[in-house]
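Scroll down for the structure; my scribbles are underneath it.
Please treat every number below as a calculation from the coordinates, not as lab data. Every value quoted in this text rests on a predicted model; they were computed, and no experiment measured them.
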Amino acid sequence: MNAARAPEDIIAEAMSHRPVAIYAAMSGGDTSLATAHWMMTNVPGCRVFHANTGIGIEATREFVRRTCAKYGWPLDEIRAKEDCGQDYREMVLQYSFPGPGHHRKMYSRLKERPVRLLVKRAKQKRADKVLIATGIYHDESMVRMGYGERNINFVGSQMWVNPLYWWSKTQFMDYLRAHGVARNPVAETLGMSGECLCGAYAHRGEKALVRLACPRTADYLESLEGEVRAAGHEWGWEGKPPAGGARVARVVSPSNTDRPGMPFCRGCEKTAENAGVAA
Ligand code: SF4
């Protein structure tokens, strides 16, 4: 294991690369909220970025907007459709709901493209780097799944930084309490932000959990399932393709080569594994 580093040390190293723009990616979950607060307090010029995936809990998006307005944080919210022209709804009507084997495509359409657009707007020169801070933190189970102990990662012009990587979950929660930062009620109920619900790793019963946090979103998923079935596809949001879908066990393998290029997508595989989807 690498030696733990202080957030100030990690950010100082990142700033030595002279990023032309600095963002704190805020999904609405506890760790991204604490990270955004830390970044906005400690890093001059930082803005908040929220990827609007087009399929997530609307109450979470409202929470992100409300929190940024409350603290006066500049917010860049980019919807996936702005870049690829096709929303989640249009994709699932055409191809149906994804299984684990389609996660790469979902990540690319729902999260990677808003990031690319954000970076494209911020860059002036080809060599420019754009810093994006995330709430990823050290977690043994995540390390086992191949996330590694990386504090700074480059994906082209994107410089992904995990400033609070060495904090424990308890430290994140203590930080929020100490600074009087209100949590997202959705994260309190679900244990996650729910800002991205592609369903690639959705398991039986997950829609009921979504309903607990946001009945509107669960209603929307059900109406979408009706539309998808009417379009000729057989399985629902919690289901997966009957054949040809990669098993979760393969997708979450530590040797998964997708991982280094997917710094903004995490947790769903872990949730699925914990729920026994991989079994
Ligand atoms: S697997 Fe999770 S984070 Fe990745 S695109 Fe799907 S819902 Fe979003």
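Here is how the numbers come out for the structure above:
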| read-out | value |
| --- | --- |
| Sequence-distant residues sharing a close amide H with Arg47 (under 5 Å, placed H) | Ile22, Tyr23, Ala24 |
| Extension gain, Ser168 back to Arg229 (0.36 nm per residue minus Cα-Cα distance, nm) | 17.6 nm |
| Cα principal axis extents for region 41-185, largest first, Å | 47, 38, 36 |
| Entries in Lys70/Lys105; Lys105/Lys207; Lys123/Lys207; Lys81/Lys169; Lys129/Lys207 that, when Cα-Cα distance is taken, lie over 28 Å | Lys70/Lys105; Lys123/Lys207; Lys81/Lys169; Lys129/Lys207 |
| 3J(HN,Hα) from dihedral phi, region 215-220, Karplus parametrisation 6.51/-1.76/1.60, rounded to Hz, x for glycine, proline | x, 4, 5, 5, 4, 5 |
| Distance histogram in 5 Å bins (all Cα pairs of region 7-274, percent per bin) | 1, 6, 13, 17, 20, 18, 13, 8, 4, 1, 0 |
| Where Rh is the Kirkwood radius over Cα pairs, Rg/Rh for region 149-235 | 1.10 |
| Using θ = phi - 60° and Karplus 6.51 cos²θ - 1.76 cosθ + 1.60, couplings along region 164-173 (whole Hz; Gly, Pro as x) | 9, 3, 8, 7, 8, 4, 4, 5, 4, 5 |
